[in-house]
Structure formats: structure tokens, C-alpha cells
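Enquirer: What follows is a single structure, and I will ask about it in a moment.
All of the numbers you see were taken from the coordinates with simple rules; none came from a lab. These figures come from a predicted structure and were not determined experimentally. As a convention, Cβ positions derive from the backbone with ideal geometry for all residues, glycine included, and neighbour counts pool all protein chains shown.
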Amino acid sequence: MPENHPLFHWSLADGEDRAGAGRPVRVARAAEQAGFTSLCTPAAPGRADPWHLASVLAGRTERIGFLVGVRAGAVSPTLLAQQADAFRRFTGGRLRLHIITATGGEAAEPPPGGDRPTHDQRYGRTDEVMAVLRRLLDGGRVDFQGRHVQVEGARLTGPAVEHPVPLYLGGVSGTAENLAARRADVHLMGSGPAEPPEAVAARVARLRGRNPALRCALRVPVVGQDHDAAARHLHAYCRSGVDEFVLSGGPDPDDALRVAGEVLPRLGELLAAEGVRGHATAPPPRGTGEGGAASASDAVTPASRRSGRDRRGCR
């Protein structure tokens, strides 16, 4: 039986980052008040720069962490490490990174004189980016000569290693799963309705066979359902082995409060009936910085320093 409740994150809805500063700030504050572990700021063409957006929202909140989406290859891994190190330092560790493999930093059209990278080339590049990024964030010196990334004698100056940064990676292919098991702390799966709990359970078991310490997260929209149906929906995935949920709502910026006040307590009742300990309302993360700043290490120990006993969640 599971021993702890999963972590809950909240995601900015499409368009919220283009509606002026007021709306995403309101969403971030509602998610913080509701007790979500972090706010997901996706990276996608035409959307606000995730670092700028997360920095603005971090300045308007006190505790909530940020699951920042970054595209592998959009910038060098050394610059990405600098950006991540600065953010974790100035927010007291309120950072998780979602490494996105898609088309990376390529333009809308193929580069002059060349073709778009293939699926395997994109994941090969992501593999090298994550290897270098992890080592730099852990405070190491990096000499790396790969097919896509070449780094010589790189290191961060006085990195804030007291704030580990969990790395998230998505993807549904076997290549993506292998890479997640090798490099990531958390494998981020797609939207719940697209994959039944039985299929999620099979994928979780497959991933855990490759890396018992790997946590699994699932994106689940929770708008349009009554609170009991939504809670039972989450409960089914929790029983499938999901450790973390990235929830999203509708156009109401206060949906996070509604979900935390109606859906998660009902989920807590379902889990309590199975002897699960914890708080389904996802209380604010324990602080390590000034003013109770949330630490990304509260529930996840990065891959370079973890063992199978480090995993916590609902199984």
C-alpha cells in the first residue's frame, strides 16, 4: 500500500501568459494559497519566455516553486546551467526544470542548407544537454565532447548546490523512456484522459524496471468534472503508480483554489481509506530560504545522489 500522497503542481493555462501581468500573477498566488508544490510555466512557440515569466511570478509570491519548461538545444547547456543556478539562488531553491525535446531551438523552417534533426538526433542532443547540465548544477567541472555538445573546462562560479534542481523529461517513445530512466528525476507523462490507468501502470512498471528511483508525473486537466468524479479520476492514476500530478483548470484564474478545496480533500478521503498517510491538499512546501522559500529538494533528490529508497509517493 502507498505510504504518502503524491505531489501536486498547477499549470498555467494556454493564453494566461499573454493576458498581461495581472492574470498569471493571480493564478500563481491562487496556486500558492491552495498549497500546490509548484507552478508549471511551459515553453512553446509564441508563449512568454519561461525564465522571465517565472522570475516575475517568483517576485510576486513567497513559497510556491516553479516547474520551468526549457527546450534542449535552444541555448547552450552552460548558459542553461547559469540561468538555473541564478534562479535557484535568488528564490531560495524554488526550481524544477522540465527539459523539452520536441524541436528544441530550431526555427519554424529547416535551417539553411540542412534538415530538421531526426527524432533520434533530438533525443541524442537532449541526452548530452542533460548530462552536462546535471554535472554543472552539482558543482562539477565539465569536459564533454559529444556529437551535439562540446564543452571544455566549464563550471559554475560558487553554484548554489544546497538547492538541488530536479530534472523532468517527457516523451512516449522507447527512446524517451530510456533517456528518462538514465538522466531524469521525474518522467512527465501526457494528459490523463489520453491514456487509461492500466496503460499508465504498465508504463510506470516498465520505467521502474529500468530505474527504481525514477518518479513518474502525469498531466491531468481537472476542469469540467464534478469534484467527486475528478477525485476518483486522480485516485485511479495514483493507484497506477503516479507520484506527481500536473493539474490544469479552465479560464477561471481561481480554479486552483476550487480544485484544492473540493477535489483534493475528496482524493484524500479515498487514499485515507487505503491507509495512505499525508495531506492530499498538498500543503506549502517546507522552506529553506528566506521567508520560507520552497526547496525543490523537499521531495526529490537528483539522480546523481539518489537511491531506490529516496522515492516517495503514491503506489
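Enquirer: Sum up the charges of everything whose Cβ sits under 12 Å from the Cβ of Asp127, counting Lys and Arg as +1 and Asp and Glu as -1, but leave Asp127 out.
Expert: Every neighbour counted, the sum reads +4.
Enquirer: May I pose another question? Non-local amide H neighbours of Ala13 (under 5 Å, H modeled in plane, Pro and chain starts lacking H): which ones?
Expert: Excluding prolines and chain starts, which carry no amide H, there are no hits.
Enquirer: Using the 10 angstrom Cβ neighbour count as an exposure proxy, how do Thr101, Thr78, Thr41 rank, fewest first?
Expert: The most exposed by this proxy come first: Thr78, Thr101, Thr41.
Enquirer: Sorted from fewest to most neighbouring beta carbons within 10 Å, what does the list Ser248, Ser76, Ser11 look like?
Expert: Ser76, Ser248, Ser11
Enquirer: Which net charge results when you count Lys and Arg as +1 and Asp and Glu as -1 among the other residues whose beta-carbon is under 11 Å from that of Ala30?
Expert: Once positives and negatives cancel, what remains is 0.
Enquirer: Based on the mean of other Cβ atoms within 10 Å per residue, sort peptides 238-244, 203-209 so the most packed one is first.
Expert: Highest-to-lowest ranking by the protection proxy: 238-244, 203-209.
Enquirer: Here's something else I'd like to know. Using θ = phi - 60° and the Karplus form 6.51 cos²θ - 1.76 cosθ + 1.60, what ³J(HN,Hα) does each residue of region 85-93 get, whole Hz, x for Gly and Pro?
Expert: 5, 5, 5, 5, 5, 7, 10, x, x
Enquirer: Which Cα, out of Ala202, Leu267, Pro251, lies furthest along the positive dipole direction of region 173-277 (beta carbon charges, K/R +1, D/E -1)?
Expert: Sorting the options by dipole projection puts first Ala202.
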